Amino acid sequence: MLLFFGNKIVKVEILDRNGSVAVSAEKGFVFPKNIESDDDSILIIKGTSLREFPKDERVHVVATTKAGDRIKYPGIVTVSLDSQLNARILKNRDTEVLEERRRYFKIKVEEKGRVLFVVRDDETLRFEVPVPMEVLDINIGGVFITSDYVFQQDDMICIDIDLFVDYRLNAVAQVLRVQKDPDGTIKGYGCQFQGLTASQEDYIGKYIYKVQFAQRQKEMAREMDY
């Protein structure tokens with residue numbers, strides 16, 4: 001089964017046998033938290049004038065996370081009324097990630113941060129003094145950083161970034177890409193956040209909005225000067 005831990009489910013859809021959206025809900029639903037267990041995982045959607053299905057009808061459940069990822073699960077309808085629909089999510093290998101739909105654009109920044117430790121080949125290296133780094137861009141999915149320390153692809157790093165005066169983002173990120181120039185000099189590292197909480201996602205979103213707003217204000221001021 002696939003589920004993006006730490007990413008809040010903000011929307012669910014039920015697809016019929018033809019792949020068409022039969023039910024869509026952004027509220028009034030309960031997505032199962034036991035998706036990784038052996039117990040039955042039941043999605044419950046409540047509403048009005050819901051499309052009704054025969055009991056045991058095969059459907060697909062599409063869950064959209066706050067980060068914008070869409071995950072499709074096979075399911076079976078267990079209860080179907082015009083006011084409530086329950087679907088049992090089947091735990092097999094047919095789960096898939098659909099096209100990513102990001103809610104926040106990547107933005108250019110210049111923020112200081114620190115790397116607290118790195119996990120490489122199942123070994124953890126903890127730094128007595130955190131390794132300085134600089135964040136050059138950020139979105140809700142990850143960051144691009146530079147550092148004098150040489151990281152490797154697939155390293156898992158724990159980072160601290162001061163997004164706000166009163167908020168420090170402490171998160172784990174995986175190094176997906178080591179970016180080099182034509183001469184082979186390392187220019188930076190593309191990293192993907194792992195297991196962000198809903199609160200952390202909210203803070204990153206607020207930070208991106210704050211930076212974008214400030215950038216728009218500067219652009220408007222420059223236009224007024226002309």
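The values are calculated or read from the model by the stated rules, or taken from the named source; none is laboratory data. The model shown is predicted, which means the values in this text are computed figures rather than measured ones. Please note: Cβ atoms are built from the backbone with ideal geometry, for glycine as well, and neighbour counts cover all protein chains shown. The area values use the complete protein model at the heavy-atom level, side chains included, leaving out ligands, DNA and RNA. Shrake-Rupley method; radii C 1.70, N 1.55, O 1.52, S 1.80 Å.
Could you work out [θ]222 nm for the chain from helices alone, using -39500 (n - 2.57) per DSSP H run of at least four and dividing by all its residues? Round to the nearest 500 deg cm²/dmol.
-4500 deg cm²/dmol, from helical runs alone.
Check which residues have an amide H placed less than 5 Å from Gly188's amide H, if you skip close sequence neighbours.
Gln179
Given Cα positions, please report Rg to Rh for segment 122-226, the hydrodynamic radius being the Kirkwood one.
Taking Rg over the Kirkwood Rh, I get 1.05.
Given H placed on each backbone N at 1.01 Å, which residues far from Ser41 in sequence or on other chains put an amide H within less than 5 Å of it?
Ile89
In square angstrom, what is the accessible area per residue of the chain with a 1.4 angstrom probe?
60 Å²
Calculate the length of the line joining the C-alpha centroid of segment 197-226 to that of segment 110-145, in whole Å.
Between the Cα centre of segment 197-226 and that of segment 110-145, the gap is 24 Å.
In segment 150-226, what percent of the accessible surface is made up of carbon and sulfur (1.4 Å probe, ligands and nucleic acids excluded)?
Accessible surface attributable to carbon and sulfur in segment 150-226 totals 50 percent.
Could you give each residue of segment 129-143 its phi-based ³J(HN,Hα) in whole Hz, using Karplus coefficients 6.51, -1.76, 1.60 with θ = phi - 60°, and x for Gly or Pro?
10, x, 7, x, 8, 10, 8, 9, 8, 8, 9, 5, x, x, 9
How large is ³J(HN,Hα), in whole Hz, for each residue of segment 71-86 in order, when computed from phi with the Karplus curve 6.51 cos²θ - 1.76 cosθ + 1.60 and θ = phi - 60°, using x for Gly and Pro?
For segment 71-86, the Karplus curve yields 10, 10, 10, x, x, 10, 6, 10, 9, 9, 10, 6, 10, 7, 9, 10 Hz.
Pull up all non-local amide H partners of Phe53: gap of 5 or more, or a different chain, and H-to-H distance under 5 Å with H placed in the peptide plane.
none
About the Cα centre of the chain, how large is the charge dipole given +1 on each Lys and Arg Cβ and -1 on each Asp and Glu Cβ? Please answer in debye to the nearest 20.
700 debye
Applying the Karplus parametrisation 6.51 cos²θ - 1.76 cosθ + 1.60 with θ = phi - 60° to the phi angles of segment 202-210, what ³J(HN,Hα) value in whole Hz is obtained for each residue in order, glycine and proline being reported as x?
4, 5, 5, x, 5, 5, 4, 4, 4
How large are Rg and Dmax for the chain when only the alpha carbon atoms are used, in Å?
21.6, 67
Can you tell me, using C-alpha contacts under 8 Å and at least 6 residues apart, the relative contact order of segment 109-226 as a whole percent?
For segment 109-226, the relative contact order is 21 percent.
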